[in-house]
1. What does the buried accessible surface come to for A and B, summed over both chains, with the probe at 1.4 Å? Round to 100 Å².
2. Report in % the part of the accessible area of region A:4-259 that belongs to carbon and sulfur, leaving out ligands and nucleic acids; probe 1.4 Å.
3. As a test of the formula, what do you get for chain B when each DSSP H run with n ≥ 4 contributes -39,500 (n - 2.57) and the sum is divided by the residue count, at 222 nm and rounded to the nearest 500 deg cm²/dmol?
4. Excluding A:Leu94 itself, what net charge comes from residues whose Cβ is under 12 Å from its Cβ, given Lys and Arg +1 and Asp and Glu -1?
5. For the residue pair A:Asn143 and B:Asp392, what label-to-label distance in nm results when each label sits 7 Å from Cα along the Cα-to-beta-carbon direction?
6. Can you tell me the length gained on complete extension of the stretch B:Glu377 to B:Arg403, counting 0.36 nm per residue apart and subtracting the Cα distance?
7. At 1.4 Å probe size, with no ligands or nucleic acids counted, give the accessible surface of A:Ser151 in Å², nearest ten.
8. For region B:234-349, what is the convex hull (Cα atoms) projected area averaged across all directions, in square nanometres?
Amino acid sequence: MSQPILEISNLHAHVEGNEILKGINLTINQGEVHAIMGPNGSGKSTLAQVLAGHEAYEVTEGSVRYRGLDLLELDPEERAREGVFLAFQYPVELPGVNGMYFMKAALNAVRKHRGLDEFDAADFLTLVREKTQVLDIPKELLNRPVNEGFSGGEKKRNEIFQMALLEPSLAILDETDSGLDIDALRIVADGVNKLKRPDNAALVITHYQRLLDYIVPDFVHVLSGGQIIKSGGKELALELEEKGYDWVKELSREGTVEAV
Amino acid sequence: MEVSGTTINFENNAITVSKKYTTENIQQFVDAFNLFSNSLNGESDSTLGAKRSASIEHFKVTGFPTTKHEEWKYTNMLPIIRNDFHPHLTLDQREVDEAFIRASGYRGEAFRLVFLNGHFLPEQSSLEGVPEGVVVTNLASAIREKTDLVLEHIVGYGDSFEHSFATLNTAHLRDGAFLYIPKNVKLQKPVHILYLTTSTDQPVVTYPRTLLIAEGGAEGSVVEEFTGKSGEIYLTNAVAEAIVGENAHLSHIKIQHESRDAFHIGASHAKLGRNANYFNNTISFGGKIVRNDPWAVLEGEGGHAAVDGLYLVGEDQLIDNHTSIDHTVPNCTSHELYKGILRDNGHGVFNGKIFVQKDAQKTDSVQSNVNLLLSDEAEIDTKPQLEIYADDVKCTHGATIGRLDDTSIFYLRARGIGKAQAEQMLTYAFAVEVIEHISDENIREYAIELLDARLDK
Ligand SMILES: Nc1ncnc2c1ncn2[C@@H]1O[C@H](COP(=O)(O)OP(=O)(O)OP(=O)(O)O)[C@@H](O)[C@H]1O
Ligand SMILES: [Mg+2]
């Protein structure tokens with residue numbers, strides 16, 4: 001049996017006085033891909049942001065263990081250095097911050113933490129060249145200020161490029177597929193699949209079954225009203241596509257909540 | 001007429017003690033002037049001499065502005081003028097600290113004029129390859145060799161500044177920098193004017209004067225740089241004048257990174273001819289009390305003035321920018337962007353005036369002042385001002401005061417970048433926009449180096 005990477009138990013979180021997460025339980029083991037689906041406003045991004053350490057969200061109850069660490073105790077940068085990566089649903093534009101400079105700073109912060117030598121400009125360039133080829137990202141994009149004026153799809157691809165550089169242990173993809181054209185979707189999915197190793201894991205938030213044709217999940221969870229109301233295998237996504245969320249909500253009201 | 005803008009005006013409610021300066025404060029500067037004047041040995045009989053005398057007489061009447069004066073409301077002169085400043089009348093070669101000079105200032109490609117305590121250092125300057133007809137020299141030489149040209153401008157309107165410090169500068173006018181670019185000549189390299197100050201035994205005051213003339217169709221780029229030995233107390237009281245002829249392009253950059261215990265007062269005045277293009281960029285990093293008064297007057301149709309500035313105000317520092325852009329004729333444009341970073345208990349002041357005179361129809365002017373407040377103890381007083389006397393114009397102005405964006409900080413941290421570094425990166429990103437307006441790549445990189453060094457502290 002493989003080791004758990006992430007163990008979320010009874011996680012409650014507030015934002016501006018409103019309880020958004022109302023007792024999340026979820027365990028992700030090494031080598032697994034989990035998908036989270038659920039209606040708009042159900043708390044999917046909130047969960048992702050809480051895991052990444054956003055200070056606007058206050059955890060009021062529960063715990064999160066990540067590779068033996070108390071994740072909630074760590075600053076956002078410490079989590080990132082420990083291998084947690086969040087591909088944002090809405091990547092932030094940073095006018096004036098050069099993309100290459102930003103990623104070199106990030107990569108070196110992570111490497112330093114892991115006791116590795118920092119990359120100099122030449123090494124970094126080589127690595128960037130390699131990753132941009134795999135992900136088919138135009139290099140010009142990286143020399144521009146981070147995400148500034150990027151199209152929706154370009155922003156998402158840039159997130160995946162960052163992920164490829166940082167090689168996380170736990171990748172959380174928050175609707176990385178929305179805004180991507182069909183080719184980009186395949187490229188991004190390929191990129192994610194290439195990163196898959198027996199000792200890491202991914203949590204993929206999506207609204208569309210289509211992505212899951214490319215990134216095949218081991219488990220699918222439905223998050224609704226701040227709780228996981230149903231979990232199943234990859235076929236659950238198909239069922240949801242067909243029947244909609246009301247069907248699961250109905251089931252959960254009947255008291256058949258399943259958890260992994 | 002279209003006028004729009006948002007103004008956030010943080011008036012300082014603290015009671016400013018507005019002391020009337022004593023006659024002693026003024027007399028001290030007059031005495032110093034007399035010493036200076038005697039040291040000129042008869043040179044004071046010239047037209048320039050008369051100009052100097054008239055200026056000191058004028059100063060005796062006006063004295064220094066107090067904080068009761070609207071234009072000097074936030075900048076109390078007393079901490080400056082109560083120092084016993086001495087003009088540095090002669091330079092002993094033994095005072096020339098070559099290591100210090102070599103280590104100071106921009107070292108990239110340029111024609112270079114170097115001054116120490118107001119004295120020209122020909123040996124430290126580099127003027128090889130100045131194109132035929134172009135004059136890059138110290139002002140004292142220009143006064144001897146291009147007398148009429150210099151007097152026409154300096155005596156012509158040099159005292160049009162309503163500014164006691166500028167008047168004092170004219171009274172002490174002896175040396176400084178001079179650039180003349182004749183008709184249609186395009187200067188390939190920038191002219192770097194380095195004003196260095198070091199107070200040896202006593203606090204020194206210098207009165208550097210810069211005169212820049214770009215004739216019709218000429219193009220050039222100038223960077224005036226002011227710096228000194230760190231920790232030393234001195235006063236730089238500088239004046240620059242720029243004449244930008246018809247269709248001429250002049251870029252006039254000022255980089256000030258004086259000693260943190262020094263004082264810097266600098267005024268500049270640019271006159272733009274028909275279709276002239278003038279770019280002024282005032283970057284302030286140093287000094288304990290700093291005051292910049294850049295002033296651009298559009299005198300010919302089709303002219304464009306870009307007036308930019310960056311100020312980084314830290315602990316126990318006051319940086320006050322009072323800018324004026326004066327549209328006197330129709331069909332001109334102006335663009336102004338001043339950005340400020342305020343840290344610790346730093347105090348910044350921005351006052352930007354755009355005048356649109358009665359005849360200046362079809363003026364198109366944009367002004368903005370953007371401030372980044374990084375500390376609760378820091379203070380910014382900002383006042384963008386439009387004075388419009390024409391009716392068919394388009395003017396916008398505005399001022400904002402903000403903090404670093406939490407979402408941006410989180411994004412950087414979520415990639416492993418520490419909080420302090422994230423804040424520094426975003427502060428840099430905020431400031432660099434102004435520096436990016438500098439077209440010369442080497443100077444731009446130099447300004448970025450200085451910014452980085454200041455942000456590291
Ligand atoms: N900073 C905030 N302030 C106030 N409310 C917030 C904040 N962040 C999230 N919320 C609220 O929390 C709820 C959950 O939001 P969240 O972004 O987690 O939903 P989601 O499941 O990701 O939805 P979507 O599918 O639309 O992306 C929403 O009702 C949202 O309005
Ligand atoms: Mg979401």
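The values are calculated or read from the model by the stated rules, or taken from the named source; none is laboratory data. These numbers were taken from a predicted model, which means no experiment stands behind them. Glycine gets a Cβ as well: all are built from the backbone with ideal geometry, and neighbour counts include every protein chain shown. With ligands, DNA and RNA removed, areas are computed over all heavy atoms of the protein, side chains included. Shrake-Rupley method; radii C 1.70, N 1.55, O 1.52, S 1.80 Å.
1. Details: alone 12350 and 18690 Å², together 29180 Å².
Adding both sides of the contact gives about 1900 Å².
2. On the way: 5100 of 11050 Å².
Carbon-and-sulfur percentage of accessible area, whole number: 46.
3. Numbers: 10 runs with 111 residues, N = 457.
My calculation for chain B gives -7500 deg cm²/dmol from helical runs alone.
4. Values: positive: A:Arg144, A:Lys155, B:Arg415; negative: A:Glu93, A:Glu148, B:Asp405.
Charge balance in the 12 Å sphere: 0.
5. Computed distance between label sites A:Asn143 and B:Asp392 equals 4.5 nm.
6. On the way: separation 26, 0.36 × 26 = 9.36 nm, distance 1.31 nm.
Taking 0.36 nm per residue and subtracting the Cα distance, the gain is 8.0 nm.
7. Rounded to the nearest 10, the figure is 60 Å².
8. On the way: hull surface 24.5 nm².
That works out to 6.1 nm².
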